[in-house]
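Data first, discussion second: the structure below is written as structure tokens.
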Amino acid sequence: MLIGILLILTWFILLLRYPAKALPVSLVAAVALGIVAATVIWQDSRETRQLERLDLRLNLAQSCPADRPLQVSITNTNKTPLRELRWRVAVYVPGDTVNLADNTYNSARYRGPGELQAGASWQECLPLPTLRSGYRAQTLEFRAEHLQGSFSN
């Protein structure tokens, strides 16, 4: 942070002492920085829109093994293949907003398929997250939150 302050102070002094030389260079640097920032914002919003188009469903299934009762179904409705997907499972009493899953550092991390083509579906049985005591999984609602993923270009 100290280096950043020194750079800004030096730039400001150069701009005051040599405005004819420092101003064009500063404008070019500002335009370049603006282009980089716009590109990063555009890519981030594009990835967010693609993640919103994923159909991801979580529910308890009788067809899953007892140690992995949470069935995850993902359908990629995007036009580009999904390369990677990670998420956290949040658990709620229906109609409530308090997350009942104990999301600690060593809690389960959930990952989707390595590669999911456009229009394809994936289904898997996964273990439940650790629940706060006193709640039964059959009475709760499961949601995927904090989705992080990447798509092919």
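The set of residues in the stretch 12-29 being of a type in the set (A, V, I, L, M) and either exposed (fewer than 10 other Cβ atoms within 10 Å of the Cβ) or in contact (Cβ under 8 Å) with a residue 24 or more places away in the chain (or both) consists of Leu16, Ala20. Within the stretch 6-15, the set of residues being within 17 Å of Ala29 (Cα to Cα) and aliphatic (A, V, I, L, M) comprises Leu7, Ile8, Leu9, Ile13, Leu14, Leu15. Selection over the stretch 107-121 of residues that are over 16 Å from Pro69 (Cα atoms) and in contact with a Pro (Cβ under 9 Å, 6 or more places away or on another chain) gives a count of 6.
Let's see how each residue does on (1) surrounded by fewer than 10 Cβ atoms within 10 Å (Cβ to Cβ); (2) within 20 Å of Gln138 (Cα to Cα); (3) under 16 Å from the mean Cα position of the chain (by Cα):
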| site | (1), (2), (3) |
| --- | --- |
| Ala38 | no, no, no |
| Trp42 | no, no, yes |
| Asn59 | no, yes, no |
| Val72 | no, yes, no |
| Arg83 | no, no, yes |
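For every residue, the table says whether it meets (1) over 30 Å from Ser45 (Cα atoms); (2) in a loop (DSSP other than H, G, I, E, B); (3) of a type outside the set (Asp, Glu); (4) at pLDDT 90 or above.
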residue	(1), (2), (3), (4)
Ala66	yes, yes, yes, no
Val91	no, no, yes, no
Gln138	yes, no, yes, no
Ser150	no, no, yes, no
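When Glu52 is tested against the conditions (1) under 20 Å from the mean Cα position of the chain (by Cα); (2) in contact (Cβ under 8 Å) with a residue 40 or more places away in the chain, the lone failure is (2). Which of the residues belonging to the stretch 88-142 are touching a residue at least 40 places away in the same chain (Cβ under 8 Å) and either in contact with a His (Cβ under 6 Å, 6 or more places away or on another chain) or among the acidic types (Asp, Glu) (or both)? Within the stretch 88-142, Arg88, Glu124, Glu141 qualify.
Quick check on my filter: what residues within the stretch 93-116 are of a type in the set (A, V, I, L, M, F, W, C) and modelled with pLDDT of 85 or more? Once the filter is applied, which keeps residues that are of a type in the set (A, V, I, L, M, F, W, C) and modelled with pLDDT of 85 or more, the stretch 93-116 yields Val93, Val98, Leu116. Does any residue of the stretch 73-84 turn out to be assigned to a strand (DSSP E or B), closer than 23 Å to Gln43 by Cβ, out of contact with any Leu (no Cβ under 7 Å at 6 or more places or on another chain) and of a type outside the set (Asp, Glu)? Looking for residues that are assigned to a strand (DSSP E or B), closer than 23 Å to Gln43 by Cβ, out of contact with any Leu (no Cβ under 7 Å at 6 or more places or on another chain) and of a type outside the set (Asp, Glu), one finds at least one in the stretch 73-84, hence yes. Listed conditions (1) closer than 25 Å to Ala118 by Cβ; (2) hydrophobic (A, V, I, L, M, F, W, C); (3) touching a strand residue (DSSP E or B) at 6+ places or on another chain (Cβ under 6 Å) are all met by Cys64, apart from (1). Do we find a residue being part of a loop (DSSP other than H, G, I, E, B) and under 18 Å from Arg136 (Cα atoms) anywhere in the stretch 106-118? No, because not a single residue in the stretch 106-118 is part of a loop (DSSP other than H, G, I, E, B) and under 18 Å from Arg136 (Cα atoms).
The values are calculated or read from the model by the stated rules, or taken from the named source; none is laboratory data. Everything quoted here is computed from the prediction, not taken from an experiment. Every residue, glycine among them, receives a Cβ derived from its backbone with ideal geometry; neighbour counts consider all protein chains shown.
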